[in-house]
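Report on one structure; see the data block that follows.
The values are calculated or read from the model by the stated rules, or taken from the named source; none is laboratory data. Given the structure is predicted, the values throughout are model-derived calculations rather than measurements. Don't worry about glycine lacking a Cβ; one is built from the backbone with ideal geometry, like all the others, and counts go over all protein chains shown.
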Amino acid sequence: VEQLVQSKLVLLGEMGSGKTSLVQRFVRGQYFENQESTIGASFFTKTIPEKHVKFEIWDTAGQERYHSLAPMYYRGAAAAIVVYDITHPASFERAKKWVWELRQNVQNPSLIIALVGNKVDLAEEARQVPEADARTYAAETGLLYFETSAKADINVTALFDEVADKLPKA
Ligand code: GTP
């Protein structure tokens, strides 16, 4: 029997980008139109048996007043998912700042960072961040890149599976 690898995973990103919704979709298969804003942070666990991975997930609060707490949640992380909203350019700029902060402060050279453009269900009517811009930035910066919808359940499983695949094997 192979051992489960326990991996600390943190979600960062602007308020309202959909961090909690992505986690709820992944962990419980649920989605809430009126998902409440996170206070501080929330903790979830989820095992992917086929990948022998148990994620210990910190879903942080995007409101700037909680920014100073973030290091507690990304310290020691194996992976970070940095979320922005494809309909909200400021959230893409905020995501870049999170990536920069992670690179400055996380010592782990094998930290996996995934950049995630969420709310892709709204792409046709409301996209404001071109996919090519985000993909280029992610490639230049060495990030995984996904466009997801927590609402429509697009690419959420693929995202967490890919992060699991990229984790260093114990
Ligand atoms: P904070 O906890 O404040 O940092 O926000 P968050 O990043 O966790 O966002 P949250 O998951 O609370 O979602 C914010 C709002 O966006 C909620 O009303 C969600 O229902 C909505 N939302 C989340 N994901 C999607 C999505 O994929 N598509 C659409 N259309 N709406 C979404």
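Being at pLDDT 95 or above, part of a helix (DSSP H, G or I) and more than 21 Å from ALA79 (Cα to Cα) is true of ASP133. The conditions of being out of contact with any helix residue (DSSP H, G or I) (no Cβ under 6 Å at 6 or more places or on another chain), farther than 21 Å from ALA90 by Cα and surrounded by 23 or more Cβ atoms within 10 Å (Cβ to Cβ) are met by PHE55.
Here SER7 fits the description: more than 7 Å from the ligand (Cβ to nearest atom), hydroxyl-bearing (Ser, Thr, Tyr) and closer than 17 Å to LEU159 by Cβ. The set of residues in segment 52-66 being closer than 16 Å to SER42 by Cα, more than 10 Å from the ligand (Cβ to nearest atom) and β-branched (Val, Ile, Thr) consists of ILE57 alone. Looking at ASP153, ASP121, ASP161, just one residue is farther than 17 Å from TRP98 by Cα, acidic (Asp, Glu), surrounded by fewer than 20 Cβ atoms within 10 Å (Cβ to Cβ) and in contact with a strand residue (DSSP E or B) (Cβ under 6 Å, 6 or more places away or on another chain), and that residue is ASP121. Suppose we keep only residues that are in contact with a Phe, Trp or Tyr (Cβ under 8 Å, 6 or more places away or on another chain) and near the ligand (Cβ under 7 Å from one of its atoms) within segment 15-29. Which one would you say is farthest from LYS46 (Cα to Cα)? Restricting to residues being in contact with a Phe, Trp or Tyr (Cβ under 8 Å, 6 or more places away or on another chain) and near the ligand (Cβ under 7 Å from one of its atoms), the top hit is SER17. Regarding segment 33-45, can at least one residue be identified that is surrounded by 13 or more Cβ atoms within 10 Å (Cβ to Cβ) and in contact (Cβ under 8 Å) with a residue 40 or more places away in the chain? No, because not a single residue in segment 33-45 is surrounded by 13 or more Cβ atoms within 10 Å (Cβ to Cβ) and in contact (Cβ under 8 Å) with a residue 40 or more places away in the chain.
Taking segment 94-120 as the range and being more than 14 Å from the chain's Cα centre (by Cα), without any contact (Cβ under 8 Å) to a residue 40 or more places away in the chain and away from the ligand (no atom under 15 Å from the Cβ) as the test, the residues that pass are TRP100, GLU101, ARG103, GLN104, ASN105, VAL106, GLN107, ASN108, PRO109. Applying the criterion of at least 2 residues that are under 11 Å from the mean Cα position of the chain (by Cα) to the strands (runs of 3 or more DSSP E) found wholly in segment 6-91 leaves 53-60, 79-85. Considering segment 145-170, the residues that are touching a Leu at 6+ places or on another chain (Cβ under 7 Å), outside any helix (DSSP H, G or I) and without any contact (Cβ under 8 Å) to a residue 60 or more places away in the chain include one that is nearest to the ligand (Cβ to nearest atom), namely PHE146.
Look at segment 7-20: where a residue is under 15 Å from TRP98 (Cα atoms) and a partner is in a loop (DSSP other than H, G, I, E, B) and among the polar types (S, T, N, Q), sitting 6+ places away or on another chain with Cβ atoms under 6 Å, you get MET15/GLN63.
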